[in-house]
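Asks: Sharing a structure with you now.
The values are calculated or read from the model by the stated rules, or taken from the named source; none is laboratory data. This one's a predicted model, so the numbers in the text were calculated from it and none came from an experiment. Cβ placement follows ideal geometry from the backbone for every residue including glycine, while neighbour counts extend to all protein chains displayed.
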Amino acid sequence: EDQVTQSPEALRLQEGESSSLNCSYTVSGLRGLFWYRQDPGKGPEFLFTLYSAGEEKEKERLKATLTKKESFLHITAPKPEDSATYLCAVSVAGGTSYGKLTFGQGTILTVHP
Amino acid sequence: DSGVTQTPKHLITATGQRVTLRCSPRSGDLSVYWYQQSLDQGLQFLIQYYNGEERAKGNILERFSAQQFPDLHSELNLSSLELGDSALYFCASSPRDMVNQPQHFGDGTRLSIL
């Protein structure tokens, strides 16, 4: 069974204090790893897709990286507006759950001014 | 704004009742996905439709059903509701039927069963 585990469950940072969120996965036939941001009362907002080990994507203060077993979301000099729940999800090749995204439980990030 | 529209935003009903949740995908998207989000289970995949046809199924209860109409909007029907069905229900869409494409989510319907 495909599994996605995110750590830590919650992370509290001071503004400007850089850190990383982890997403480890156990799947057969990874087709894509996705990072989303979710604000309270809202749906997940798409951030990045990573397809193969060694790939990196950047957007403003966020940088996502991928290895064969895990992905990291690096947050550089975070601001209070970066506070949100960050979700990691994977899609796999074929099978009866073709379009399914399997999500981790998320990391709740709080950035204090 | 993701471009995915879900109605209603909130729904309060009683056990044993039946409700219908509606989703309009982003313009041009042919695939629609339904997910359930609860505090203990996180985001769980329910079902996918592509261009009107059921494409993939997750752990969707037999009391739940969905369909996608010719105009590509989708409806999720929940019947014989139980207290445990209280959750956020999200719809997502993507352009094609490809597993490596990101899905774009609406802001969900919050279902409360009293």
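Asks: Given A:A84, A:A77, which one is more than 16 Å from the chain's Cα centre (by Cα) and surrounded by fewer than 22 Cβ atoms within 10 Å (Cβ to Cβ)? Walk me through how you get there before you give the answer.
Replies: Working: A:A84 fails: more than 16 Å from the chain's Cα centre (by Cα).
Being more than 16 Å from the chain's Cα centre (by Cα) and surrounded by fewer than 22 Cβ atoms within 10 Å (Cβ to Cβ) holds for just one of A:A84, A:A77, which is A:A77.
Asks: Any idea which of B:L39, B:L46, B:L61 is buried (at least 16 other Cβ atoms within 10 Å of the Cβ) and either among the hydrophobic types (A, V, I, L, M, F, W, C) or modelled with pLDDT of 95 or more (or both)?
Replies: Values: B:L39 fails: buried (at least 16 other Cβ atoms within 10 Å of the Cβ); B:L61 fails: buried (at least 16 other Cβ atoms within 10 Å of the Cβ).
Of the residues listed, the single one that is buried (at least 16 other Cβ atoms within 10 Å of the Cβ) and either among the hydrophobic types (A, V, I, L, M, F, W, C) or modelled with pLDDT of 95 or more (or both) is B:L46.
Asks: To continue, here is another question. Determine the pairs where a residue that is of a type in the set (V, I, T), located within segment B:58-77, has a partner that is part of a strand (DSSP E or B) and exposed (fewer than 14 other Cβ atoms within 10 Å of the Cβ) with Cβ atoms under 8 Å apart, the partner being 6 or more residues away or on another chain.
Replies: That search, which allows pairs on different chains as well, returns nothing.
Asks: Moving on. Name the single residue, out of those in segment A:32-46 being at pLDDT 95 or above and in contact with a Pro (Cβ under 9 Å, 6 or more places away or on another chain), that is nearest to B:L111 (Cα to Cα).
Replies: The extreme case among them is A:Q38.
Asks: Being in contact with a helix residue (DSSP H, G or I) (Cβ under 9 Å, 6 or more places away or on another chain), at pLDDT 95 or above, more than 12 Å from every other protein chain (Cβ to nearest Cβ) and more than 19 Å from B:A56 (Cβ to Cβ) narrows it down to one residue among A:L66, A:L62, A:L21, A:L73; which is it?
Replies: Values: A:L66 fails: in contact with a helix residue (DSSP H, G or I) (Cβ under 9 Å, 6 or more places away or on another chain); A:L21 fails: in contact with a helix residue (DSSP H, G or I) (Cβ under 9 Å, 6 or more places away or on another chain); A:L73 fails: in contact with a helix residue (DSSP H, G or I) (Cβ under 9 Å, 6 or more places away or on another chain).
From the options A:L66, A:L62, A:L21, A:L73, the qualifying one is A:L62.
Asks: Still on this structure, I have one more. Would a scan of segment A:59-81 turn up a residue that is over 27 Å from B:K57 (Cα atoms), acidic (D, E), out of contact with any Gly (no Cβ under 9 Å at 6 or more places or on another chain) and in a strand (DSSP E or B)?
Replies: Taking every residue of segment A:59-81 in turn, none turns out to be over 27 Å from B:K57 (Cα atoms), acidic (D, E), out of contact with any Gly (no Cβ under 9 Å at 6 or more places or on another chain) and in a strand (DSSP E or B).
Asks: So B:V4 ticks every box in (1) closer than 13 Å to B:S86 by Cβ; (2) touching a His at 6+ places or on another chain (Cβ under 7 Å); (3) of a type outside the set (G, A, S) but one. Which box is left unticked?
Replies: Only one criterion in (1) closer than 13 Å to B:S86 by Cβ; (2) touching a His at 6+ places or on another chain (Cβ under 7 Å); (3) of a type outside the set (G, A, S) is unmet by B:V4, namely (1).
Asks: So, in segment A:28-42, of the ones that are without any contact (Cβ under 8 Å) to a residue 60 or more places away in the chain and in contact with a Ser or Thr (Cβ under 6 Å, 6 or more places away or on another chain), which residue ends up farthest from A:L87 (Cα to Cα)?
Replies: A:G32
Asks: Within segment A:1-20, track down each residue that is surrounded by 12 or more Cβ atoms within 10 Å (Cβ to Cβ) and of a type outside the set (V, I, T).
Replies: A:D2, A:Q6, A:S7, A:P8, A:L11, A:R12, A:L13, A:E15, A:E17, A:S19, A:S20 - these are the residues of segment A:1-20 that are surrounded by 12 or more Cβ atoms within 10 Å (Cβ to Cβ) and of a type outside the set (V, I, T).
Asks: Taking the condition of being under 10 Å from the mean Cα position of the chain (by Cα) and either in a strand (DSSP E or B) or modelled with pLDDT under 95 (or both), how many residues in segment A:91-106 meet it?
Replies: 1
Asks: What number of residues in segment A:21-44 are in a strand (DSSP E or B) and surrounded by 15 or more Cβ atoms within 10 Å (Cβ to Cβ)?
Replies: 14
Asks: Residues of segment B:17-54 being in contact with a Cys (Cβ under 8 Å, 6 or more places away or on another chain) and among the β-branched types (V, I, T), which ones?
Replies: Scanning segment B:17-54 gives a single hit, B:V32.
Asks: Still on this structure: Only residues that are within 20 Å of A:P44 (Cβ to Cβ) and not hydrophobic (A, V, I, L, M, F, W, C): list them for segment B:76-96, please.
Replies: If the condition is that a residue be within 20 Å of A:P44 (Cβ to Cβ) and not hydrophobic (A, V, I, L, M, F, W, C), then B:S86, B:Y89, B:S93, B:S94, B:P95, B:R96 are the ones that fit.
Asks: For the structure I just gave you, tell me whether B:G28 is away from chain A (no Cβ under 14 Å) and in a loop (DSSP other than H, G, I, E, B).
Replies: Here the answer is yes, as B:G28 does meet what is asked.
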